[in-house]
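Notes follow once the structure below has been shown.
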Amino acid sequence: MLRYLLKRLLFMVPMLFGITLISFVVIHLVPGEPGALNAEMNPKMTKQVRERMRAFYGLDQPLHVQYWMWLKRVVKLDFGASFTPDKRPVIDKIKERLPITILINLLSMALIFLVGIPIGIYCARYKDSILDKALTSFVFAGYAAPTFWIALLLMMFFGVYLELLPISGIKSFNFSDLSFFDKTIDVTKHLILPVSISAFGGLAGISRYMKNSLLEVLRQEYITTAYAKGLPESMVLKKHALRNALLPVITILGLSVPGLIGGSVIFESIFSIPGMGQLFYMSVMARDYPTIMGILVIGAFLTLLGNLIADVSYALADPRIRIG
Amino acid sequence: MLSRYSLIFILLVFLFPGCSQQKGTTSYDDPGRPAYGDMIVMASIGEASNLIPLLSTDSASHDITGLIYNGLVKYDKDLNIVGDLAESWDISKDGLAITFHLKKGVKWHDGRPFTARDVMYTYGVTVDPKTPTAYAGDFQLVKKAEVLDDHTFRATYDKPFAPALISWAAAIMPAHLLEGKDITESPLARKPVGTGPFVFREWVPGDRIILAANRDYFEGRPYIDRYMMRVIPDSATMFLELKHYGIDMMDLAPLQFLKQTDYPRFKKEYNKFKYLAFLYTYLGFNLKHGLFKDKRVRQAISCAIDKKEIIDGVLLGLGEEATGPFTPNMWAYNGSVKRYPYSKEKALALLKEAGYEKGPGGILQKNGSPFEFTVLVNQGNTVRIQCAELIQRRLSEVGITMKIRVLEWASLINEFIDKRNFDAVILGWAITPEPDPYDLWHSSKQGPKELNFVSFENKEVDELIVKARHTFDREARKRYYGRFQEIIAEEAPYVFLFYPYATVAVHKRFKGIEPAAAGLMYDFIKWYVPENQRRYTTNAALSP
């Protein structure tokens, strides 16, 4: 097992290298240059000024030299400074945006599991009942409907008409004047819509997964045996069927790890949440290479790590799978 | 289990409303008396990037720094150049030297006095090759800059240069905080110190920037105590926030201005303003392209396009027909140039004169090749795309096939405009109130990345532009620019489509707003909220 782990970890190094190389080349292929230079069609931007700025950011070097300079810094875990005019360290930019994204993703993931799993169980147990069909339609509606559209409708309904919930942002103006209790309420109110809407879209996957997995298990002979020895239905479901059916669902958790730091652009823009999705989008629009690369490297690392965790936990949970 | 908890949770939330704003109860029609207090909440699609104005080019940063810093001169409400940090200035007889007499007793926000040394530093750092700034161009023409005494500063030029004066509207930076340091590493980028009417307070990254009134401002303390700029990246959300009273001021799209805000509750709470912006949208021809070398063809297309239809259909009437490269609110504007009223017959006659005949299917032909070209438009700009569609239809009526190609901004500029690889393009220019058409229309400005990308060449225009640049006599400049506009109208290198209106909603509790040629914000420090209509108490905006 230990040898397997080490091997997998070692394999991650060339993989990460490959990912960074490809991403680096691809983002430099995109037409346009970093934001500060992107004063296209600006009469004040003379040719000398343009050349000066290119040299300032090292963009006058050939691509492989740029990549080498970047790589030398990254192995020391230094992501460099952003190419946008604020020129702040990339790591600071990521750090200040990460908590809110992780919070929202964790909450919505919890909500998805808490709501999706019971829905799946119900749908499997009472397959083809009216409620099963209704729930299935409901989760698929959530999956299919565009988030921005639902978000705007709910914002109008709860924000403008009922005036119950705030429309955007994560804190009110008078946040600092509030007591601790009111602050909690304030943040909660701001989070209700974003969290529930992002969870709504994810319900379909997990509930279908749960349903199919449970149906599969319910067909097994040991379930028939359990019924035959006279166990009550709730016992059969809880003790025998559910435990086995939950195994594959748990591995999904491992696969969701990289998703935790990725925010949705559309979603964060609509609710004006200063999170990772927006940061990434803005960096791409501004051709802010160091920030793009920073986010990609962290994302790639977490994806690889998440895969590893998923594989390992699978092996741990299911003795039939052998590795190493 | 779950539903029970979530019910309690929801109840908890709704039972304790965290914050509530005063709204809908007071009448805002009473003009009241000027009073100090309250806060104005603005919104911006993008976040400010760098609060050292030399180093940023985005509008969010400049909106903020415009309130924190001053230049030596500024525009007044009628777009005359008046003193800001400069009390007065003299221009030497030969027009080569400008001597600024600076205001005395002006203090930086940290209490240090403002002197000519600050001006000198600002000039020096702007032209320093190590500074990555987009604004070095105008200052590079200065031959010699000198500090005569603490409150006198002189800039000397090689040639008299009329746009020089307004180039001193650039924000003056505090020398005592920056001298001898690398400006790109300065903490002032996130925590500016200026001389302006507002003092920097707080920046919550990705969320908001807060400024507070400068009580010692040399033109008097602003009535509004606080200024907040929120980042709201989605324009639909921004509009909902406006309807919800979450923000106080917003630029509206034509449909929002005319229809979506046309209900009593909105009108009770907001004033809407419309004024001419310094913008125009045009259809530009690549004059190197065979089709458009002939002036008559360009004039014919000008006649074939119905500008009124575009303004009514695309802008819902919120714009004026454009006649040339200057807007009507500029002193240099010449309204009596040649116009091209919509006339299909005239267009056909001109095209016939140029040698085009109707061929099969009503398509115009010359020597067997059909009249066909592609117009480029940038993605996401619905107004320009809709213009292209209307133009397409009008041109097909005279037998011209126009294709529309929508491209992402960066590739439109880099791959097509910069390489001169286009037939025609729909774009817009934002211009400065102080005219200087040199970069756009002088024939020397056709190099790569330069802005005369339509390759316009006209000897007389070149001369007029240069002459107008090198005299400070406004009457003479007006004559030169008048003639310049006549030639441009006659030559029709662009079809000037329209001047759009800026359309803005401002909450009614703000009084003292007078739209003028310079827009709305020129005397922001005089805006006030009467005491009985105040919404925010003093500390409301600061986070711990």
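Listed values, structure above:
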{"item": "Length-normalised contact order for chain B - Cα pairs under 8 Å, 6+ apart - percent", "result": "21"}
{"item": "Alpha-carbon centroids, the range B:140-175 and the range B:215-256: separation in whole Å", "result": "34"}
{"item": "Nearest 10 degrees, 0 to 90: helix A:180-218 Cα axis against chain A principal axis", "result": "50"}
{"item": "Exercise: per-residue mean of other protein chain Cβ atoms within 10 Å, B:127-137", "result": "6"}
{"item": "Ranking of B:330, B:229 by count of other Cβ atoms within 10 Å, fewest first", "result": "B:330, B:229"}
{"item": "In the range B:451-501, GluC sites (Glu not before Pro) in a DSSP loop with at most 11 other beta-carbon atoms within 10 Å", "result": "none"}
{"item": "Beta bridges by DSSP in the protein assembly as shown, antiparallel share as percent, to the nearest 5", "result": "80"}
{"item": "Gyration tensor (Cα) of the range A:52-112, equivalent ellipsoid semi-axes in angstrom", "result": "33, 14, 10"}
{"item": "For the range B:70-179: relative contact order, % (alpha-carbon pairs under 8 angstrom, 6 or more apart)", "result": "33"}
{"item": "Top of A:126, A:227, A:143 by mean-square fluctuation, Gaussian network on chain A, Cα under 10 Å", "result": "A:227"}
{"item": "For chain A, built as a Gaussian network whose Cα springs stay under 10 Å, the top-fluctuating residue of A:86, A:132, A:186", "result": "A:86"}
{"item": "Prolate/oblate/rounded call for chain A, Cα gyration tensor, a/c under 1.5 rounded", "result": "oblate"}
{"item": "Entries in B:159/B:467; B:259/B:526; A:93/B:130; B:104/B:143 that, when Cα-Cα distance is taken, lie over 21 Å", "result": "B:259/B:526; A:93/B:130; B:104/B:143"}
{"item": "Pairwise FRET efficiency - residue B:523 versus residue B:389, Cβ, R0 = 45 Å, nearest 0.05", "result": "0.65"}
{"item": "Overall form of chain B per C-alpha gyration tensor (a/c, 1.5; a/b vs b/c)", "result": "oblate"}
{"item": "Prolate/oblate/rounded call for the range B:70-179, Cα gyration tensor, a/c under 1.5 rounded", "result": "rounded"}
{"item": "Taking chain A and dividing mean pair separation by its residue count, relative contact order in percent (alpha carbons under 8 Å, at least six apart)", "result": "28"}
{"item": "Inter-chain Cβ neighbour average for residues B:46-57, partner chain, 10 Å", "result": "4"}
{"item": "Principal-axis tilt of helix A:2-29 within chain A, Cα atoms, nearest 10 degrees", "result": "50"}
{"item": "Relative exposure of B:93, B:338, judged by other C-beta atoms within 10 Å (fewest first)", "result": "B:93, B:338"}
{"item": "Residue-averaged 222 nm ellipticity for the protein assembly as shown, from DSSP H runs of 4+ at -39500 (n - 2.57), nearest 500", "result": "-13000 deg cm²/dmol"}
{"item": "Residues of type lysines that residue A:239 reaches as a straight line, Cα spacing below 23 Å, ignoring anything fewer than 8 places off in the same chain", "result": "A:127, A:211, A:229"}
{"item": "Reachable aspartates and glutamates from residue B:243, criterion Cα separation under 16 angstrom, eight or more residues apart if same chain", "result": "A:163, B:234, B:251, B:262, B:269"}
{"item": "The range B:259-332-the range A:293-317 distance, computed between alpha-carbon centres (Å)", "result": "54"}
{"item": "Those aspartates and glutamates that a straight Cα-Cα span of less than 20 Å connects to residue A:47, excepting residues fewer than 8 apart in one chain", "result": "A:33, A:60, B:58, B:128, B:138, B:415, B:418, B:436, B:439, B:450"}
{"item": "Burial ordering of A:130, A:22, B:417, B:172, fewest other beta-carbon atoms within 10 Å first", "result": "A:130, A:22, B:417, B:172"}
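Laboratory data are not the source of any read-out in this text; all were calculated from the coordinates shown. The model shown is predicted, which means the values in this text are computed figures rather than measured ones. Here Cβ is always computed from backbone atoms with ideal geometry, including for glycine, and neighbour counts include all displayed protein chains.
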